[in-house]
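*Asks:* Just passing along the structure, written as structure tokens.
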Amino acid sequence: MTRGEAMIKRKTQPRAQPEGELDAGKLELGEDFQDAECLLISEVKVLLEAQYEGRKGEEEDKEMSGVFTRTLEYVQKFGRYTNRDTIKEVRALMKPTSLHPFECAQLGNLCCSEYEEAKSLVPSIGDKIGDEDLDSLLKQMDSLKKYQG
Amino acid sequence: MFFHKKLTHTITLHPSFLGPRMREFVTQRLYEDVKDLCSGRYGYIVAVVAILEIQMGKILPGLGSAEFEVKYSAILFRPFRNEVMDAVVTKVNRMGFKSMAGPLEIFVSTQLIPADMKFNQHSNPPSYHSEEQKIEVGTLVRVKITGVRIDATAIYTIGTIKEDYLGVIE
């Protein structure tokens, strides 16, 4: 790299927040991720499978990156919702609540059966939603999962 | 946690690429640069979803290369402390076990495994087992991340299964 290129590169590297300050339990995700869109594992599965199908059809046998392959295997194993309509319905169920996107994604990924489990695994939920409302939400998500096509 | 975020990347093209297929070279170079990238700030960049904008190239004075700022959206994977996630056990030994959640490796040390789970060195494969559960290579576990260390190219995490609702997933 020449000095010119190095000077330009340096000015575009802002500092990241110190790791010790970030805490998912308190919903402190840092300025980069505090308002970012959180994806359900099933949504990532849909996106990655579409990309994989697209790349399979290309002429050169390009090597998939290790990160991509490992993530694809992971989401196929742990993706609970198998089709797009179910995912849309799950999202619609959580929209009217006042939960943070991170909390919604965690509930969708962990598929808790009772409100105690959900509040223990995602402590930041706290009092944002009543126990009965949370319980009914979890039961609806569970029945969507059981009766999906 | 998987995130969907808009990012910016700067690509520098040598003058030989500045021809009719210039945009194609820029996109190709973006995919190559971002492939297998783990940034300290954004975590693992799993895949590029869409290229939103390729700004007009700027010629670097004295060099002839052109610099393009590319705005794209990508799927990121970034763990946080106190986040709970599912993982697959990949290695078991006396010190604890290693598990993988996608591209991320999580190490759970013996101290953060419930006391009733004992290491059984004679079993093949090596495992931790209690009366009801067994942890060996291939077991699915629910882990809570207790520490995250990020350096320039990788993320190292440690976790626990010593709390309620964590541990082996049936």
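*Asks:* Which of the residues spanning the range B:1-38 are in a helix (DSSP H, G or I), in contact with a Gly (Cβ under 7 Å, 6 or more places away or on another chain) and open to solvent by 60 Å² or more (accessible area, probe 1.4 Å)?
*Replies:* Answer for the range B:1-38, where residues must be in a helix (DSSP H, G or I), in contact with a Gly (Cβ under 7 Å, 6 or more places away or on another chain) and open to solvent by 60 Å² or more (accessible area, probe 1.4 Å): there is none.
*Asks:* Tell me, yes or no, whether the range B:123-135 has at least one residue that is among the basic types (Lys, Arg) and farther than 24 Å from residue A:44 by Cβ.
*Replies:* Yes, the conditions are met somewhere in the range B:123-135.
*Asks:* Looking only at the range B:96-111, decide whether some residue is within 11 Å of chain A (Cβ to nearest Cβ), without any contact (Cβ under 8 Å) to a residue 40 or more places away in the chain and either aliphatic (A, V, I, L, M) or loosely packed, with under 13 Cβ neighbours inside 10 Å (or both).
*Replies:* The answer is yes, given that some residue of the range B:96-111 is within 11 Å of chain A (Cβ to nearest Cβ), without any contact (Cβ under 8 Å) to a residue 40 or more places away in the chain and either aliphatic (A, V, I, L, M) or loosely packed, with under 13 Cβ neighbours inside 10 Å (or both).
*Asks:* Follow-up question, since we're still on this one. Check the range A:3-10 and report whether any residue there is of a type in the set (D, E, K, R), surrounded by 14 or more Cβ atoms within 10 Å (Cβ to Cβ) and modelled with pLDDT of 90 or more.
*Replies:* No: the range A:3-10 contains no residue that is of a type in the set (D, E, K, R), surrounded by 14 or more Cβ atoms within 10 Å (Cβ to Cβ) and modelled with pLDDT of 90 or more.
*Asks:* Okay, moving on. Given the criteria open to solvent by 20 Å² or more (accessible area, probe 1.4 Å) and within 8 Å of another protein chain (Cβ to nearest Cβ), does residue A:37 qualify?
*Replies:* yes
*Asks:* Quick one: how many residues across the range B:40-95 are among the acidic types (Asp, Glu) and more than 12 Å from chain A (Cβ to nearest Cβ)?
*Replies:* 1
*Asks:* Output the residues belonging to the range A:129-149 that are touching a residue at least 24 places away in the same chain (Cβ under 8 Å) and loosely packed, with under 15 Cβ neighbours inside 10 Å.
*Replies:* Passing the criteria: A:133, A:140, A:142, A:149.
*Asks:* Anything in the range A:74-116 that is part of a helix (DSSP H, G or I), in contact with a strand residue (DSSP E or B) (Cβ under 9 Å, 6 or more places away or on another chain) and open to solvent by 20 Å² or more (accessible area, probe 1.4 Å)? List them, or say none.
*Replies:* Within the range A:74-116, A:77, A:101 meet the criteria.
Listed here are the residues, each with its yes/no results for (1) closer than 30 Å to residue A:22 by Cα; (2) not basic (Lys, Arg).
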position: A:49; (1), (2): no, yes
position: A:65; (1), (2): yes, yes
position: A:76; (1), (2): yes, yes
position: A:107; (1), (2): yes, yes
position: A:125; (1), (2): yes, yes
position: A:138; (1), (2): yes, yes
position: A:145; (1), (2): no, no
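*Asks:* Quick check: is even one residue across the range A:54-63 surrounded by fewer than 18 Cβ atoms within 10 Å (Cβ to Cβ) and in contact (Cβ under 8 Å) with a residue 12 or more places away in the chain?
*Replies:* No - not one qualifying residue is present in the range A:54-63.
*Asks:* Here's a follow-up. May I ask you to say which residue of A:70, A:91, A:55 is modelled with pLDDT under 90, out of contact with any His (no Cβ under 8 Å at 6 or more places or on another chain) and basic (Lys, Arg)?
*Replies:* Every option except A:55 fails the conditions.
*Asks:* A follow-up question, please. What's the number of the only condition in (1) over 20 Å from residue B:141 (Cβ atoms); (2) in contact with a Phe, Trp or Tyr (Cβ under 7 Å, 6 or more places away or on another chain); (3) at the interface with chain B (Cβ under 10 Å from one of its Cβ atoms) that residue A:121 fails to meet?
*Replies:* That leaves (1) as the condition not met.
*Asks:* Just need a number here: residues in the range B:42-84 that are under 26 Å from the mean Cα position of the chain (by Cα) and either in contact (Cβ under 8 Å) with a residue 40 or more places away in the chain or assigned to a loop (DSSP other than H, G, I, E, B) (or both).
*Replies:* 22
The values are calculated or read from the model by the stated rules, or taken from the named source; none is laboratory data. Given the structure is predicted, the values throughout are model-derived calculations rather than measurements. Ideal geometry is used to build each Cβ from the backbone, glycine not excepted, and the neighbour counts take in all protein chains shown. Accessible surface is based on the protein model in full, side chains and every heavy atom, while ligands, DNA and RNA are left aside. Shrake-Rupley method; radii C 1.70, N 1.55, O 1.52, S 1.80 Å.
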